[in-house]
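Derivation of every value follows stated rules applied to the coordinates shown; laboratory data play no part. Remember, it's a predicted structure, so these values are computed and weren't measured experimentally. Reconstructed Cβ throughout: ideal geometry from the backbone, glycine too, with neighbour counts over all protein chains shown.
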Amino acid sequence: MRASQFHLFTLKEAPSDAEVVSQQLMLRAGMIRKVAAGIYNYMPMGLRSIRKVEAIIRDELDRAGAMELVMPLVQPAELWQETGRWDKMGPEMLRLKDRHDRDFALQPTSEEVVTDIARQELKSYRQLPKNFYQIQTKFRDERRPRFGVMRGREFLMKDGYSFDRDVEAAGRSYEKMYAAYGRIFDRIGLEYRAVAADTGAIGGDRSHEFQVIADTGEDAIVYCPDSDYAANIELAEAVALLTGRATAGRALEKTPTPGKSTCGDVAELLGVALQTTVKSLVLASEEVDETGKVLKTTICLLLVRGDHDLNEVKAGKIEGLKAGFRFATETEIIEHFGCKPGYLGPIGLKKPVRIIADRTVANMADFICGANDEGFHYTGANWGRDLPEPELVADIRNVVEGDPSPDGKGVLAIQRGIEVGHVFYLGNKYSKAMNATFLDIDGKPKHFEMGCYGIGVTRILGAAIEQNHDARGIIWPAAIAPFEVVICGVGWGKSEAVRDEAVRLYDTLKAAGVDVILDDRDERPGVMFADWELIGVPHRVTIGDRGLKEGVVEYQARREGEQLKFAPDAIAAHIIASIRA
């Protein structure tokens, strides 16, 4: 490829609405162009990197025994209605009608469609296991699309689905995909962690996220530097920080705390550690009938230590809250506590509530909590003496850095990450809902055990840039750079020697299978260098008249920055060796 024949269009400045580094650099490097909020054109430069990501994914998935197909972007409502997700998905799923007034959706994912394929095509246990995947456009109507390709509305995703005859076989398929994902991200060249994760709206009971490490990541990754423990913040287990409950040492006192409605303010006023306070959070869960009428509302008081935060995902796993919950209204709070928020606590309730204490809170003694009276808190509160033991003790908080690791092998650390892949074990949630069965070895019908495996193809580009950039631009991992090598001919239009040597090197590298571009634009060296550093090509060779007269060409690796000189006959071998290494 010659630059004069390629569409090369860079910007000195990013548009003012570009929020993060990857979005700014992809726009400046001419990789994407915005069409609408969260919707982009992928220009030739960006598409080259996308195709390289796809090739690695296909290679590893085919190696793992998965088979590629393509499912439609437009999917009929009837399939989604079988699983109930047509109503549950919410506004993120873009719905539309055809000319016959039939309902369709732009696919956000394809569990229903692939399960329909399985129930029609897979009739016997002899046909199992099967693993299908596609690399296809998805659409999710994000309320606030942002961060360029990191959280767009339209994006390219690899989604795969496995079908097995039993739980044990499904576990083997899961492990096979987990290993394949590791190979994919290793080959791409990203620093990542595979972390235990919550299954979210897709369902299932086994899940791992593949998170690219980046300071700008939206997700918090919890890990133990001294062991293999790793989980996202929603799932990371928070152990009790107190091994047992101390004996009560203070009398219960109703202490004035005028205008101090937060644990931090109360601790500061009383001159005590924040860790001696207890934070109260009030949730409401509702039972409804088929028409949506509320039959019963249950109020729950969740207690965490003053320096800790409630983990809503963990709270949602508690019996009674699994079907959904909301934060209680002020009216409900006053009805049950007799006080407005800010001074709430578990002592002296106006009406009974369900009390759920975090593991650490359950072991606290002589703690401080709200007195359910504006301007007052209780000090010296103790379980069993001043209030009943909590109805339930559970892990309901976020871990914090320095907490003991749940595996007992050290303490926890937290870093930021960008989710680029996710593997789920779904079980038979979808096959049961859609009555997708096969005949097992005993001749009886049985529901498929399923797994689901996703990779954000276009998101990988953004994550790679967030992890690999400097003040000059992108520093691509070599495997997904739009080009591996650029040859810059300085004085192209004036020097036949430069042209001849540049073309000779170009032909040599092409013959060796190197993805190389020859910059023959006859631009000033500063313009050429700035463009290719912005674009992030890993290897650059500069050929000029002065160097050729000295018997050298100049070489610079984008990541290292040091400029080296080689004899013209030696540079090709150095580049090929560097790429293969």
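Looking at this model, which pairs from Lys314/Lys350; Lys322/Lys429; Lys293/Lys340 are more than 20 angstrom apart at the alpha-carbon?
Lys314/Lys350; Lys293/Lys340
When all C-alpha to C-alpha distances in the chain are sorted into bins of 20 Å, what percent of pairs does each bin hold, rounded to whole numbers?
Percent of pairs per bin, in order: 17, 40, 31, 11, 1.
Given the rule -39500 (n - 2.57) for each run of at least 4 DSSP H residues, summed and divided by the residues of the chain, what is its mean residue ellipticity at 222 nm, to the nearest 500 deg cm²/dmol?
Mean residue ellipticity at 222 nm (helix-derived): -7500 deg cm²/dmol.
For Asn428 and Met1, compute 0.36 nm times the residue count separating them, minus their Cα-Cα distance, and round to one decimal in nm.
148.7 nm
Amide H neighbours of Glu68 under 5 Å, at least 5 residues apart or on other chains, H built in the peptide plane: list them.
Correct list: Tyr133.
Determine, from the Cβ-Cβ distance of Ile347 and Asp507 and an R0 of 56 Å, the FRET efficiency 1/(1 + (r/R0)^6), rounded to the nearest 0.05.
Calculated transfer efficiency: 0.10.
For Asp219, list long-range residues whose amide hydrogen, built 1.01 Å from N in the peptide plane, is under 5 Å from its own amide hydrogen.
Placed amide hydrogens put Gly417, Glu419 under 5 Å from Asp219.
By how many nm would the segment from Gln81 to Leu392 lengthen if fully extended, with 0.36 nm per residue of separation less the alpha-carbon distance?
108.3 nm
When the Karplus curve 6.51 cos²θ - 1.76 cosθ + 1.60 is applied with θ = phi - 60°, which whole-Hz ³J(HN,Hα) does each residue of region 85-94 get, with x for Gly and Pro?
With the stated coefficients, region 85-94 comes to 7, 4, 8, 7, 5, x, x, 5, 8, 7 Hz.
Taking 22 Å as R0, compute the FRET efficiency from the Cβ-Cβ separation of Glu92 and Ser16 and round it to 0.05.
Plugging the Cβ-Cβ distance into 1/(1 + (r/R0)^6) gives 0.20.
Setting aside same-chain residues fewer than 8 positions from Lys351, which aspartates and glutamates have a Cα under 16 Å from its Cα?
Candidates past the 8-residue exclusion: Glu330, Glu332, Glu335, Asp373, Glu391.
May I ask you to derive the FRET efficiency for Lys34 and Ser124 from their Cβ-Cβ distance with R0 = 56 Å, giving the value to the nearest 0.05?
Efficiency, rounded to the nearest 0.05: 0.65.
At 0.36 nm per residue, and after removing the present C-alpha to C-alpha distance, how many nm does the segment from Ala323 to Thr262 gain when stretched out fully?
Here the segment from Ala323 to Thr262 would lengthen by 19.0 nm.
Quick one: if you stick a label point 7 Å off each Cα along the C-beta vector at Ala567 and Arg51, how many nm between them?
3.7
Which whole-Hz couplings ³J(HN,Hα) result when phi for each residue of region 499-504 is put into the Karplus expression 6.51 cos²θ - 1.76 cosθ + 1.60, θ = phi - 60°, listed in order with x for Gly and Pro?
Karplus-based 3J(HN,Hα) across region 499-504 equals 4, 5, 5, 5, 5, 4 Hz.
To the nearest 20 Debye, how big is the dipole of the chain about its Cα centre, given +1 on the beta carbon of each Lys and Arg and -1 on that of each Asp and Glu?
Dipole magnitude for the chain comes out near 760 debye.
How far apart, in nm, are two points set 7 Å out from the Cα along the Cα-to-Cβ line at Glu68 and at Val239?
With each label placed 7 Å out from Cα toward Cβ, I get 4.6 nm.
In region 471-544, if the dipole is taken from +1 on Lys/Arg beta carbons and -1 on Asp/Glu beta carbons about the Cα centre, which of Ile535, Val485, Gly473 is farthest to the positive end?
Selected residue: Gly473.
Any idea what the dipole of region 483-580 comes to, in debye rounded to 20, about its Cα centre with Lys/Arg Cβ at +1 and Asp/Glu Cβ at -1?
120
Spelling out what I want: for every residue of region 332-339, take phi, set θ = phi - 60°, compute 6.51 cos²θ - 1.76 cosθ + 1.60 (Karplus), and round to whole Hz; glycine and proline get x.
With coefficients 6.51, -1.76 and 1.60, one gets 5, 5, 4, 4, 9, 10, x, 7 Hz.
Based on the alpha-carbon gyration tensor of region 421-576, what equivalent-ellipsoid semi-axes (square roots of 5 times the eigenvalues) come out, in whole Å, largest first?
Over the Cα atoms of region 421-576, the semi-axes work out to 52, 17, 12 Å.
Averaging the inverse of every distinct alpha carbon separation and then flipping it gives the Kirkwood radius. What is it for region 253-394, in angstrom units?
Hydrodynamic radius (Kirkwood, Cα only) of region 253-394 equals 15.4 Å.
Alpha carbon centre of region 22-47 versus region 477-513: separation in Å?
Each part's Cα centre sits 26 Å from the other's.
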